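Please read the structure below before turning to the comments.
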Amino acid sequence: METYLVGGAVRDKLLDIPVKDRDWVVVGATPESLLAAGYRQVGKGFPVFLHPQTKEEYALARTERKSGPGHTGFEVHAAPDVTLEQDLERRDLTINAIAQTEAGEIIDPFSGCRDIENKKLRHVSAAFSEDPLRILRVARFAARFANRGFEVAAETLTLMRQMVASGELNTLVGERVWQEIQRALTEPCPDQFVSTLRECGALGVILPEVDALFGVPQPPKYHPEVDTGVHIMMCLQQARRLSDDPTVAWATLVHDVGKGITDPEKWPSHVGHEKLGLGLLDAIHRKIPVPKEYAALARLVCEHHTKLHRVKELRPSTLLSLLESLDAFRRPERLDRFLLACEADARGRTGLEDRDYPQRDYLNHAMTAMTKIDIAGLLRDNPKAQPEQLIRKTRQAALAAALDEFKA
């Protein structure tokens with residue numbers, strides 16, 4: 001029995017990135033021999049075991065044979081005669097198909113080290129095309145390593161385009177699609193996830209509502225970049241710059257989808273795109289099981305982002321209604337995420353990437369004034385008043401005073 005460190009741990013070590021998780025492959029063993037040695041088997045589909053002391057994952061060397069559509073249509077063969085090279089060959093990218101012996105020797109049958117040196121994301125073999133989920137994985141690795149200069153190899157992009165054209169991408173279940181999207185939104189360059197999917201044609205399958213934004217013009221006065229799709233990419237860059245919260249990145253990604261279905265005869269104007277976008281968001285969230293808080297924030301940013309940009313023009317009653325729709329008094333963290341997404345929208349424009357966003361201070365000043373209200377004391381001193389009306393009236397008065405103070 002021989003064990004090898006494999007996958008991301010070896011790759012990240014070669015890239016001088018801190019290694020978070022270590023995975024091992026075992027050659028020449030059987031499930032019975034590992035169980036006898038104290039390993040504990042996890043899962044049913046693959047021969048994976050937890051080490052009795054470290055709890056790290058040890059997988060028996062295995063091969064896979066395509067037996068049906070989608071990323072789950074495989075027959076797995078794990079046996080003592082499966083070699084390390086055969087196991088590595090079934091992996092997605094060459095940079096993930098490098099192994100290391102317990103003595104520290106690097107085993108690299110598919111030139112992953114060369115691709116690390118040349119900063120290429122390249123598929124290992126033709127077997128790559130058997131799993132449509134790998135299209136999203138490559139896009140996610142592009143998002144992770146673009147800031148290090150990595151790019152997808154031309155032949156891999158060609159293969160990805162062929163896979164999209166085959167229709168196999170349509171077999172992916174929404175849960176797996178969302179897992180890859182969610183992980184990509186936490187990577188250093190989430191915009192590269194979107195651009196890679198678009199480059200191979202997958203964005204039109206996964207998120208056609210976002211894909212439709214490319215080529216849609218906006219008024220140059222407010223959007224020097226003009227193209228709505230380019231604007232979205234710039235907004236994603238800003239969202240990641242401002243925050244590592246994936247809920248903010250998701251809301252930023254989909255906040256302008258309504259611009260794709262406004263009247264083309266009225267372009268570059270997009271009056272009403274905020275409300276139009278809500279229906280598209282509902283459609284997206286029916287296809288992809290986005291968590292509730294992600295979906296809620298996305299709807300709020302879609303509907304109200306332009307309102308926040310002109311917040312100083314709003315009447316106190318209108319502004320209070322906006323804060324109530326955000327549930328800002330009970331969920332201040334949602335208000336903060338909303339502000340971050342709106343700031344990313346304001347900065348995601350050519351030449352305006354470092355602009356100030358005074359709307360944040362303006363709104364936070366107003367919130368501070370209203371949170372100082374002693375609600376319990378207010379209700380105690382006015383026992384005959386309608387509680388909701390009294391609280392709203394008092395908040396609105398405090399809001400108006402705070403805004404006058406801020407403007408002064």
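Values quoted throughout were computed directly from the atomic coordinates according to the rules given, and no laboratory measurement underlies them. Since the structure is predicted, the reported quantities are computational estimates derived from the model, not experimental observations. Cβ: placed from backbone, ideal geometry, glycine included. Neighbour counts: every protein chain shown.
Show me the GluC sites (Glu not before Pro) within the range 98-152 that DSSP assigns to loop and that have at most 13 other Cβ atoms within 10 Å of their Cβ. Intermediate values should be presented prior to the final figure.
Details: sites: 102, 105, 117, 130, 151; in loops: 102, 105.
Taking the range 98-152 and a limit of 13 other Cβ atoms within 10 Å, the loop GluC sites (Glu not before Pro) found are 102, 105.
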TODO: Quickly work out the residue 317-to-residue 292 label distance, labels modelled 7 Å from Cα along the C-beta direction, and quote it in nm with one decimal.
DONE: 3.2 nm
Task: Cleavage-rule hits, trypsin sites (Lys or Arg not before Pro), the range 120-149, DSSP coil, Cβ neighbours within 10 Å at most 13 - done: none
Open item on the list: Applying a 10 Å radius around every beta-carbon, put 80-86, 365-371 in order of their mean neighbour count, most first.
Closed with: 365-371, 80-86
Task: Placed amide H near residue 225: partners under 5 Å, 5+ positions off or other chain - done: 350
Task: Cα-based reach from residue 407 at 17 Å (exclusive), listing aspartates and glutamates while leaving out same-chain residues under 8 positions away - done: 313, 356, 361
Open item on the list: Straight-line reach only, C-alpha to C-alpha below 23 angstrom: list the lysines that residue 275 could link to, leaving out same-chain residues fewer than 8 apart.
Closed with: 221, 259, 266, 287, 292, 307, 312
TODO: Would you please give the FRET efficiency between residue 173 and residue 283, computed as 1/(1 + (r/R0)^6) with r the Cβ-Cβ distance and R0 = 25 Å, to the nearest 0.05?
DONE: 0.90
Task: Gaussian network model of the chain, Cα within-10 Å springs - most flexible of 243, 125, 325 - done: 325
Task: Charge context of residue 354, other residues only, Cβ under 14 angstrom, K/R +1, D/E -1 - done: +1
Open item on the list: Between the range 78-121 and the range 332-408, how far is it from one alpha carbon centroid to the other, in angstrom?
Closed with: 55 Å
Open item on the list: Counting C-alpha atoms alone, how compact is the range 237-408: give Rg to one decimal and Dmax as a whole number, in angstrom.
Closed with: 17.7, 58
- [ ] With only Lys, Arg, Asp and Glu charged, each at its Cβ (+1 for the first two, -1 for the last two), find how big the charge dipole of the chain is about the Cα centre; round to the nearest 20 debye.
- [x] 1440 debye
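Please report, in cubic angstrom per residue, the volume enclosed by the convex hull of the alpha-carbon atoms of the chain.
Working: hull volume 77.2 nm³, N = 408.
Per-residue hull volume (Cα only) is 189 Å³.
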Task: P(r) histogram, all alpha-carbon pairs of the range 1-110 included - 10 Å bins from 0, percent - done: 14, 45, 34, 7, 0
Open item on the list: Just to check I understand the Karplus step: with θ = phi - 60° and J = 6.51 cos²θ - 1.76 cosθ + 1.60, what whole-Hz values come out for the range 138-148, glycine and proline as x?
Closed with: 4, 4, 5, 5, 4, 5, 6, 10, 4, 6, 9
- [ ] Pop out the ³J(HN,Hα) list for the range 122-137 in order, Karplus 6.51 cos²θ - 1.76 cosθ + 1.60 with θ = phi - 60°, rounded to Hz; leave Gly and Pro as x.
- [x] 10, 6, 6, 8, 5, 4, 3, 5, 7, 10, x, 5, 5, 4, 5, 5
- [ ] Compute the acute angle (0 to 90°) between the alpha-carbon long axis of helix 292-309 and the principal axis of greatest extent of the alpha-carbon atoms of the chain; round to the nearest 10°.
- [x] 40 degrees
Open item on the list: What distance in nm lies between label points placed 7 Å from Cα along the C-beta direction at residue 17 and residue 50?
Closed with: 2.6 nm
Task: Separation in nanometres of the label points that stand 7 Å from Cα toward Cβ, at residue 81 and residue 37 - done: 2.2 nm
Task: Helical contribution to [θ] at 222 nm, DSSP H n ≥ 4, -39,500 (n - 2.57), averaged over the chain, rounded to 500 - done: -15500 deg cm²/dmol
- [ ] Provide the per-residue ³J(HN,Hα) series for the range 395-400, in order, calculated from phi with Karplus coefficients 6.51, -1.76, 1.60 and θ = phi - 60°, each as a whole number of Hz, with x at glycine and proline positions.
- [x] 5, 5, 5, 5, 5, 4
Open item on the list: Cut-off under 16 Å on the C-alpha distance; same-chain residues fewer than 8 positions from residue 372 excluded. Which lysines are left, in chain and number order?
Closed with: 393
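Given a Förster distance of 51 angstrom, what is the FRET efficiency for residue 376 paired with residue 355, based on the Cβ-Cβ distance and rounded to 0.05? Please list the in-between numbers first.
On the way: r = 41 Å, r/R0 = 0.81.
Calculated value: 0.80.
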Open item on the list: Test of understanding: what is the full-extension gain from residue 119 to residue 222, defined as 0.36 nm times their sequence separation minus their Cα-Cα distance?
Closed with: 33.4 nm
